[in-house]
Amino acid sequence: MLRRTRPRVLLLVAALPAVTLFTGGVAFAGPVSGELFYTTFRAPNPVPVGPPFISDGTVNRVTFDFNGTTLTLGSPQQIHTFGTASNADGIAFASDGDLLIGGGNTGNVHKLPASGGTVTSVAAGNPNAFHLAVSPDGNTVYTAGLPGGLSAVPLNPFANGTPHGLSGDDVNITQIAFDNSGNAYYTASDAFGNGQFGTIDLTTFVTTRTIPNLPAAHGMAWDDHTNTIILAGDNHISQIDPADLATLKSDLTITIPAVNDLLDHFDQVSVDGEGHAFAAINNGNVFFLDYTDSGEVNASGNVQQIQFLQNFLDDIAPLSGPGAPNVEPPPPPPGGIPLPAAVWPGVMLLGSLWAAAKAKRRRRA
């Protein structure tokens, strides 16, 4: 849902002012606006175990606007609260427009309308269901622990999932992501990152590790803008080119505001496929990165900004690719050649100018 403007000690914190950082050189920027869908996790007090809970698992939405230099977030709106009945972790869109939510240590995956309403829950098939990854065909959502066993939950219809035992270099994983050719990648780490990265065959369920002990190996997304994999974990944002899966293309280390040491790490990352990334920090902040022109997450000239959103922030739904909200392009003209959605405003403008010129000639005649 994007609108482009051009081709565990827990501490409740108040909203912090936005911090904008330029990594040096000339700032490159691509203005964009839209809406983020995200979860907050159920937080116990005292840490690390047990009720009473001081924060419920919730599903939320917030508007954003980046004008090329500054990110502005709107007021968060709660879509649903699970209370203490379930956690709320991974988040993605099903192809029918409903939201999918990982129930964390409940082992359930939930489905509900993006505007709120009735929640349907199914068992994932393993004890934990944290991060979510929708398959390219939209028929399955994959989920796992932190790390843990892999489950595949069918979406058409939405039903109980099936556990799949893994073999190979890693038998427990955290996140799956797909490139634009359907190849699957995985991370394996606890909530703090510093884990493993590699490929996974979802037919044989064999994992092949390509980078061990990678700080950013936690959240992960495929980026169509650069044809690379963007990862987020610990206090790192990393980028991997599928042509060389054993080497980092670029790596960015972030100084996260010292709100709470236990929660000062990245969770899931979402990219819009146009050069913008949003990474959730569990202490409630969002890290925003504009790499529109540079194409590398650590390039000089990128715009970085950290802004507080909501306590116990967990995951942000995909903005592009599988699991992103569907935005239908305008239909092509009958019997004509389909045109990209971005071309239609220009076509309509030319049509209007032609019609105006024709009317003027008629008046002269």
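The values are calculated or read from the model by the stated rules, or taken from the named source; none is laboratory data. Keep in mind it's a predicted model, so treat the numbers as computed, not measured. A quick note on method: Cβ atoms are made from the backbone with ideal geometry, for glycine too, and the neighbour counts reach across all protein chains shown. Please note that ligands, DNA and RNA were not included when accessible areas were found on the heavy atoms of the full protein model with its side chains. Shrake-Rupley method; radii C 1.70, N 1.55, O 1.52, S 1.80 Å.
Observations on the model:
- Solvent-accessible surface of protein heavy atoms, probed at 1.4 angstrom with all chains present, puts Ser115, Ser151 in the order Ser115, Ser151, largest first.
- Prolate/oblate/rounded call for the range 43-161, Cα gyration tensor, a/c under 1.5 rounded: oblate
- Net length available on complete extension from Thr162 to Thr72 is 28.3 nm, with 0.36 nm assigned per residue and the Cα-Cα distance removed.
- Put a dot 7 Å past the Cα of Thr63, heading toward its Cβ, do the same for Asp201, and the two dots end up 4.9 nm apart.
- The tail of the calculated P(r) for the range 200-306, taken as Cα-Cα distances beyond 18 Å, holds 47 percent of the pairs.
- Sorted on the mean count of surrounding Cβ atoms within 10 Å across their residues, most packed first, peptides 162-170, 183-191, 230-238 read 230-238, 183-191, 162-170.
- C-alpha center-to-center spacing [the range 97-136, the range 260-321] in angstrom: 23 Å
- Ranked order, Leu36, Leu248 - accessible area, probe 1.4 Å, largest first: Leu248, Leu36
- Fully extended contour minus Cα-Cα distance, from Asn227 to Glu296, at 0.36 nm per residue: 23.7 nm
- Between Thr210 and Asp137, the FRET efficiency from the beta-carbon distance, with R0 = 22 Å, is close to 0.30.
- Across all directions, the shadow cast by the convex hull of the range 67-113 built on its C-alpha atoms averages 5.0 square nanometres.
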